[in-house]
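To keep things clear, I will list the structure first and then write my remarks on it.
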Amino acid sequence: MNVGVVGVGHLGRHHARLLAAMPGVQLVGVADLVLERAQAAVAGTSATALVDYRALIGRVDAVTIAVPTVEHLPVARPFLEQGIAVLVEKPMAASVADAETMMAMARASGATLAVGHTERFNPAIAAVLPSLKTPRFIEVHRLSGFPERSLDIDVIFDVMIHDLDIILAVDRTEVVAVEAVGVPVLTPKIDICNARIKFASGCVANITASRISRDKVRKIRFFQPDMYVSVDYGAQELESWRLRPRPGERPAIEGGAVEVAKDEPLKRELEDFVAAVRDRRAPGVTGEDGLRALVLATKVAAAVEAG
């Protein structure tokens, strides 16, 4: 399969690295407005370094896009219109309207459209998702130091959206209430935010995201009537505890650490995308999934503004 990468900054260079090494995949070209970055990304490969991403059209079966969010729709448009498969980094687009336009183009041409929510491919998350049937409470802490990369979006769309996608994958019922507070600290945009989200099922999710913390924490906890689960995203560690009834005695709590086969989430995501295109199936995170996460992130941002 011939693939290309558009945008090889902080994240896109890893797209190029992983795709270049993937069996059955030929990295044809890498495009970036800074030619030197594109050249560095293709060093040691047979791929071509480009400035104009449109030069990939007609040469690739699929493309991954890791450019600033506001450019997602303009860059994806010519590929989707030609029926070329696209994986676009999160957040899916700069607005819900842009995301809906991308989905409409994909439907019209039959192109595969995937969205880069890498935490869905975290081995610890993938191991526990099938067990989460009736969560009642979800608690998330995603804290990190101020990033060196450029920031064109606030912390809600930058990092919290990872967790919004996860909770939406766990609870598919309607979101009935969103409360949020957020503060700009080091940028004009929101740098720390706490959101409380209630679903029609009764499940409540409490999410804190910060990019100004001294400590790096990426943890999510799920509570349901028969089970408690804790996941450390970064360490790819999983703990699971269950209540076991004992007739005539107090119930026993059993569980502990669950063995997880660690792997690079981005590699797993790209492998899934390539397989989805090759097998003509839906990717692990579809355009519909990306849109749902973007809609919820937009509601969180609106709640902050209203507060």
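The values are calculated or read from the model by the stated rules, or taken from the named source; none is laboratory data. As the structure is a prediction and not an experimental result, all values here were calculated from the model. So basically every Cβ, Gly included, is an ideal-geometry build from the backbone, and we count neighbours across all protein chains shown.
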Item checked: The listed residue being touching a residue at least 60 places away in the same chain (Cβ under 8 Å), surrounded by 15 or more Cβ atoms within 10 Å (Cβ to Cβ) and in the same structural domain as MET160 (by TED's automatic domain parsing), out of ILE207, ILE192 -> ILE207
Margin query: I need a count of the residues in segment 174-210 that are modelled with pLDDT under 95 and touching a Gly at 6+ places or on another chain (Cβ under 6 Å).
Written below: 1
Next item on the list: Please report, ordered by residue number, the helices (runs of 4 or more DSSP H) entirely within segment 70-178 with at least 2 residues that are closer than 30 Å to ASN194 by Cβ and over 15 Å from the mean Cα position of the chain (by Cα).
Entry: 96-109, 123-128
Note to self: With the structure loaded, tell me whether GLY248 is of a type outside the set (Asp, Glu), in contact with a Ser or Thr (Cβ under 9 Å, 6 or more places away or on another chain) and at positive phi or whether it fails that test.
What the structure shows: no
Next item on the list: Scan ALA177, ALA252, ALA235, ALA261 and give me the residue that is under 30 Å from ALA303 (Cα atoms) and among the hydrophobic types (A, V, I, L, M, F, W, C).
Entry: ALA177
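Just the residues that are surrounded by fewer than 18 Cβ atoms within 10 Å (Cβ to Cβ), in contact with a helix residue (DSSP H, G or I) (Cβ under 9 Å, 6 or more places away or on another chain) and not hydrophobic (A, V, I, L, M, F, W, C), please, taken from segment 273-285. Step through it out loud before you land on a result.
Of the residues in segment 273-285, the ones surrounded by fewer than 18 Cβ atoms within 10 Å (Cβ to Cβ) are 275, 278-282.
In the following step, the residues that additionally are in contact with a helix residue (DSSP H, G or I) (Cβ under 9 Å, 6 or more places away or on another chain) were identified as 281-282.
Answer for segment 273-285, where residues must be surrounded by fewer than 18 Cβ atoms within 10 Å (Cβ to Cβ), in contact with a helix residue (DSSP H, G or I) (Cβ under 9 Å, 6 or more places away or on another chain) and not hydrophobic (A, V, I, L, M, F, W, C): just ARG281.
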Checklist line | Condition met for VAL229 (touching an Asp or Glu at 6+ places or on another chain (Cβ under 8 Å) and outside any strand (DSSP E or B)) | finding: no
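Could you run through segment 15-51 and say how many residues are among the charged types (D, E, K, R), out of contact with any Gly (no Cβ under 9 Å at 6 or more places or on another chain) and touching a residue at least 24 places away in the same chain (Cβ under 8 Å)? Working first, answer last.
Going residue by residue through segment 15-51, those that are among the charged types (D, E, K, R) are 17, 32, 36-37.
From what is left, the residues that are out of contact with any Gly (no Cβ under 9 Å at 6 or more places or on another chain) are 17, 36.
Narrowing the set further to residues that are touching a residue at least 24 places away in the same chain (Cβ under 8 Å) leaves 17.
Result for segment 15-51: 1.
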Notebook entry, point to check: Counting just the residues of segment 132-153 that are touching a helix residue (DSSP H, G or I) at 6+ places or on another chain (Cβ under 7 Å) and of a type in the set (D, E, K, R), which one comes out surrounded by the most Cβ atoms within 10 Å (Cβ to Cβ)?
Noted result: ARG142
Checklist line | Among (1) of a type in the set (Gly, Ala, Ser); (2) modelled with pLDDT under 95; (3) under 23 Å from the mean Cα position of the chain (by Cα), the one test that GLY248 misses | finding: (3)
Next item on the list: Go through segment 66-110 residue by residue and tally those that are within 22 Å of GLY24 (Cβ to Cβ), without any contact (Cβ under 8 Å) to a residue 60 or more places away in the chain and crowded, with 16+ Cβ neighbours inside 10 Å.
Entry: 3
Notebook entry, point to check: Since MET103 meets every condition but one in (1) within 20 Å of ASP158 (Cβ to Cβ); (2) in contact with a Gly (Cβ under 7 Å, 6 or more places away or on another chain), which condition does it not meet?
Noted result: (1)
Margin query: For segment 211-223, give me the residue count where each residue is part of a strand (DSSP E or B) and either free of Cβ contacts under 8 Å to residues at least 40 places away in the same chain or buried (at least 24 other Cβ atoms within 10 Å of the Cβ) (or both).
Written below: 2
